[in-house]
Amino acid sequence: MMKPLYGKIMLQLIRWKNLLFLGVLQTLMFFGVIKPILAKYAITLPYQYPIFGLLLCATIFIAAGGYIVNDYFDTKIDQINKPTKVIIGNTISRNTAGWAFQICFGIGIACGIALGILLNKLNVAILFAVISGMLWFYSSSYKRIFLLGNLVISLCSFLSVFSIGYLAATSLENEYGVLIYKTGILTEVYAWVSTFGLFAFLFTFIREVVKDIEDIEGDREMECHSLPIVLGINTTKIVLTVVTLISALIVGYFCFYLNPFQTDNISTKYYILGILVPSIILIFWIGKAEKRRDWRQISTFIKFIMLIGTLYAAVVGYLFILNYSYILNA
């Protein structure tokens, strides 16, 4: 009876739903964006499935370790903000949690090293070690520094997307050398992953600030210097409104002006219904929010917007098929 309960608690600790979302994001980017671009040029990515598998494993384990280490350092804050949901120190000892995040980081970095060996690139292995370090320092100190913690997590979200394109480009460079630069493949790969990565960065930043407002009581008690503590909630609302509006406009710019597909009413409708309208609703809710539960609902709604943005990768795959009339390689 205890083992299933313990397993359930561990799943809660590593935020399995967020990890599932991350896995779906990278899968959609790989199969909906990277493979279609390569198929358009009649190129198959060398070692594509080992690369994707190791990347997915590295990302999931490092993210899981990040969630555990965050709770490890946030025990006192969580006891104020959400006392009934504190796991570490109650149902799981701090010693067990310490081992857990070290193991997760270790597996993630090991997968990163395997990628570096496979691609013969030392900087690939270093990248995953750096991300693990960023998550550690975020939890231990960065999150208490004005804006730095928000930017670190947003950057990690960007890298979770961008790394897919970077690894694909590295593999292609290894296989084809300087010849690959005479095509438009790398430019197209980096353009797409950077666009999705920027979307992830911006809306992750918005959500992190919203969570800071939600957790303001505990953060103030622990002398954190979050945006709402330094500027006040009303000023932070203005910041959130401006950043949300700018984010929606940036996504719209990529949708209307940098869209490579000749006839694409699908993207226009998708943007209006999936990004623009929800962003307007988000701005309205931010202006009306007063209680902690309001900010919790807003945080969940931002997740919905990010899910919609992520699913656009599947639409991109469909548009490649529609516009270039090819069949994806197995």
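Observations on the model:
- Against the chain, whose longest principal axis is taken from its Cα atoms, helix 94-119 shows a tilt of about 10°.
- Rounded tilt (10° steps) of 185-214 against the dominant C-alpha axis of the chain: 10 degrees
- Positive dipole terminus of the stretch 12-324, leading residue within Gly108, Tyr67, Leu147 (C-beta point charges): Tyr67
- Multiplying the residue separation of Ile233 and Tyr181 by 0.36 nm and removing their Cα-Cα distance gives an extension gain of 13.8 nm.
- Of the residues Phe21, Val239, Leu45, the one whose Cα sits farthest towards the positive end of the charge dipole of the stretch 12-324 is Phe21 (charges of +1 on Lys and Arg Cβ, -1 on Asp and Glu Cβ, taken about the Cα centre).
- GNM remark for the chain: springs join alpha carbons under 10 Å apart, and the peak mean-square fluctuation among Ile60, Ile180, Ile109 falls on Ile180.
- When percent of Cα pairs over 36 Å apart is calculated for this entry, the matching label among [x] 20; [y] 49; [z] 23 is [z].
- Cβ-to-Cβ counts within 10 Å put Glu175, Glu214 in ascending order as Glu175, Glu214, the fewest first.
- Net length available on complete extension from Asn18 to Ile43 is 5.7 nm, with 0.36 nm assigned per residue and the Cα-Cα distance removed.
- HN-Hα J in Hz across the stretch 21-35 - Karplus 6.51, -1.76, 1.60, θ = phi - 60°, x for Gly and Pro: 4, 4, x, 5, 4, 5, 5, 5, 5, 6, 7, x, 10, 5, 4
- The charge dipole of the chain, taken about its Cα centre with unit charges on the Cβ atoms of Lys, Arg (+1), Asp and Glu (-1) only, comes to about 580 debye.
- Degrees separating the helix 148-176 axis from the principal Cα axis of the chain, which is the longest one: 20 degrees
- Centre-to-centre separation between the Cα atoms of the stretch 137-163 and those of the stretch 273-297: 23 Å.
- Residues of type aspartates and glutamates that Lys143 reaches as a straight line, Cα spacing below 13 Å, ignoring anything fewer than 8 places off in the same chain: Asp71, Asp74, Glu208, Asp212, Asp215, Asp219, Glu223
Every read-out reported here was derived from the displayed coordinates using simple, explicitly stated rules and does not represent laboratory data. None of these values were measured; they are calculated from a predicted model. Counting neighbours? That spans all protein chains shown, and the Cβs are built from the backbone with ideal geometry, glycine included.
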